[in-house]
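For reference, the structure is listed below as structure tokens.
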Amino acid sequence: MNTRPRLDPLEPDWDVAGWRTSSRTAGSGQCVEIARVPGLVAVRDSKAPDQGRLLIPAESWNRFLLHCSS
């Protein structure tokens, strides 16, 4: 777990953001993790969680999921 201090007090605490992987991963290790925070969805590589995150507006993420399920 990364314990460095946050420089921006408004930035979410990513260490406790509730990261989860897809139930379809099947233990392959080839996956990403997501965490929902107010207004955003963060995506990171499960093998390198400290290497950064892709931040996506929640509405865009929801449209992406709708597109994937159709």
inquiry  = With the requirement that a residue be modelled with pLDDT under 90 and either within 13 Å of the chain's Cα centre (by Cα) or surrounded by 15 or more Cβ atoms within 10 Å (Cβ to Cβ) (or both), what does the stretch 21-35 give you?
reply    = Thr21, Ser22, Cys31, Val32
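Taking the condition out of contact with any strand residue (DSSP E or B) (no Cβ under 8 Å at 6 or more places or on another chain) and hydrophobic (A, V, I, L, M, F, W, C), does Leu65 pass? Spell out how you get there, then give the answer.
Details: out of contact with any strand residue (DSSP E or B) (no Cβ under 8 Å at 6 or more places or on another chain): yes; hydrophobic (A, V, I, L, M, F, W, C): yes.
Taking the combined requirement at face value, the residue satisfies it.
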note = Of the listed residues (Leu40, Leu66), the one being modelled with pLDDT of 85 or more and surrounded by fewer than 10 Cβ atoms within 10 Å (Cβ to Cβ) is Leu66
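The values are calculated or read from the model by the stated rules, or taken from the named source; none is laboratory data. What you see is a predicted model; the values in this text were computed from it and never measured. Here Cβ is always computed from backbone atoms with ideal geometry, including for glycine, and neighbour counts include all displayed protein chains.
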